[in-house]
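Colleague: Here it is: the structure, laid out below.
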Amino acid sequence: MSFRLKSSPLTALALATALTFSASAARAAEDIKIALLRGLTGPLQAYAKQTETGFMMGLEYATKGTMEVDGRKIVVIAKDDQGKPDLAKSELAEAYEDDGADLAVGTTSSPATIAMLPVAEDHKKILVVEPAVADQITGEKWNRYIFRTARNSSQDAISNAIAIGAPGVNIAVLAVDNAFGRDGVAAFKAALAKTGANLVAEEYAPANTTDFTGVGQRLFGALKDKSGKKLIWTVWAGSTNPLEKLADMDPGRFGIQFAVAGNILPILASYKRFPGAEGAAYYYYEIPKNPVNDWLVKEHEKRFNAPPDFFTAGGFAAAMAVVTALEKAKSTDSEKLIATMEGMEFDTPKGKMVFRKEDHQALQSMYAFKIKVDPNVAWAIPELTREIKIEDIDVPIRNKR
């Protein structure tokens, strides 16, 4: 396999698998070219690195180590959009026009991904969205060339509402002030209403916020006089961790607790302050029991001396979807791929996913959990309490197709 990086250093995975950097001109026309866009520079860098690692490992697993589909080598053209919408848009256009990408995968930030959607439509090329979450991507901003392996805001929200919502529960929400955060709160509000719980307040803050004093005071004020269980739940992505800042303000004096959503291992480390906290997760490496996840966990630990993380599984799922589609369609033609991918089932570290025909959102299980603290483990353990299966998550179709 040829692995060509633009605007980024060689990854450890590329070194480990001894990938070469360029295809010869003689065989270039036969290669399958996949653009991988990720926000390698910026606050979502950790997510981007995990996605890339997972994607490369997923290609390896799906092709049984050949890095080929039907005898055609896979060339990955990786680009750093820095989480900037304008740059993401131009990078994707460059990938389709100058690099000859047959399809693309990406990107990390929801606003950057939203900027990319019309580029895929203009070029009539497939864009597999991973890991951006905003509902708009498979909702009002969607077009027929967009498929998403990542979970969306509604899947996050519905699963968390199922995990923590009940009559007599009062919840205040803090969200990052962007498409990801606002879509997440809107979906959570709708899902929570069906559980009998009461959403008492919504607060939004920029992703680069470091001082949560004012936000915290408003959240505490909304909850402190309520009877029944009182929870703060967050929809957040970025380098800061608002839960730690809010916990330092001692909401316990008002009887206020935290609900926690699944996250990457460094954030789970901070959850050790919240034993018994409940929520729902997209992935935690010990939860799914299937051959794909078994391989991922074993190989990742062998190569990196650490378990795979939240977005590693997502990148892996995107690779599995791409290879499954290419094998079934036996073509890189967009129309043949669309016909193949609509309704397509594919294996992932989470088990089976299926692209819903109506909006191309990957339907998938989520995992309700309770935080367990083990002094011998560096992070809090999301201990499974219930698998929330595809049929349990009534994901709205928002694209008006």
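Colleague: Can you tell me the FRET efficiency between Gln217 and Ser270 if r is taken as the Cβ-Cβ distance and R0 is 30 Å, rounded to the nearest 0.05?
Modeller: The value I calculate is 0.90.
Colleague: Please give me the summed charge of the neighbours of Thr213: other residues whose Cβ is under 13 Å from its Cβ, Lys and Arg +1, Asp and Glu -1.
Modeller: Local net charge: -2.
Colleague: How many nm is it between the label spots at Ala378 and Val354, if each spot is 7 Å from the Cα in line with the beta carbon?
Modeller: Computed distance between label sites Ala378 and Val354 equals 4.0 nm.
Colleague: So what's the net charge close to Lys84: Lys and Arg +1, Asp and Glu -1, counting the other residues with Cβ under 15 Å from its Cβ?
Modeller: Local charge sum for Lys84: -2.
Colleague: Oh, and also: Using the heavy atoms of the protein chains alone and a 1.4 angstrom probe, what is the accessible area of the chain per residue in square angstrom?
Modeller: I get 39 Å² per residue for the chain.
Colleague: Between Asp250 and Asn143, how many nm apart are label points set 7 Å from Cα along the C-beta direction?
Modeller: Once both label points are built, they end up 5.6 nm from each other.
Colleague: With a 1.4 Å probe and all protein chains left in place, how much of the accessible area of the chain comes from carbon and sulfur atoms, in whole percent?
Modeller: 48 percent
Colleague: While we're looking at this one, here's another question. If you fit an axis through the alpha-carbon atoms of helix 110-123 and take the longest principal axis of the Cα set of the chain, what angle between them do you get, 0 to 90°, nearest 10?
Modeller: 30 degrees
Colleague: Work out how much length Glu286 to Lys194 would gain on full extension: take 0.36 nm times their residue separation and subtract the Cα-Cα distance, in nm to one decimal.
Modeller: 30.1 nm
Colleague: While we're on this one: Between Asp122 and Glu345, what length in nm is gained on full extension when 0.36 nm per residue of separation is reduced by their alpha carbon distance?
Modeller: Full extension of this stretch gives 77.6 nm more.
Colleague: A follow-up question, please. Quick one: length gained pulling Glu335 to Glu299 fully straight, 0.36 nm per residue minus the C-alpha distance?
Modeller: Gain on extension, Glu335 to Glu299, equals 9.5 nm.
Colleague: Sticking with this structure for a sec: Trypsin sites (Lys or Arg not before Pro) within the range 101-179: which are DSSP loop residues with at most 16 other Cβ atoms inside 10 Å?
Modeller: Lys124
Colleague: How many percent of Cα pairs in the range 188-270 exceed 22 Å?
Modeller: In whole percent, the share of Cα-Cα pairs in the range 188-270 beyond 22 Å is 26.
Colleague: Can you list residues from other chains, or at least 5 along the same chain, whose modelled amide H is less than 5 Å from the amide H of Glu202?
Modeller: Val173
Colleague: Taking only DSSP H segments of four or more residues, each worth -39500 (n - 2.57), what value at 222 nm results for the chain once the sum is divided by all its residues, to the nearest 500 deg cm²/dmol?
Modeller: The helix-only estimate for the chain comes to -11000 deg cm²/dmol at 222 nm.
Colleague: Based on the inverse mean of 1/r over its pairs of different Cα atoms, what is the Kirkwood hydrodynamic radius of the chain, in Å?
Modeller: Result for the chain, one decimal place: 21.3 Å.
The values are calculated or read from the model by the stated rules, or taken from the named source; none is laboratory data. Fair warning: this is a prediction, and the values are worked out from it, not measured in the lab. A quick note on method: Cβ atoms are made from the backbone with ideal geometry, for glycine too, and the neighbour counts reach across all protein chains shown. These area figures cover heavy atoms from the full protein model, side chains too; ligands, DNA and RNA do not enter into them. Shrake-Rupley method; radii C 1.70, N 1.55, O 1.52, S 1.80 Å.
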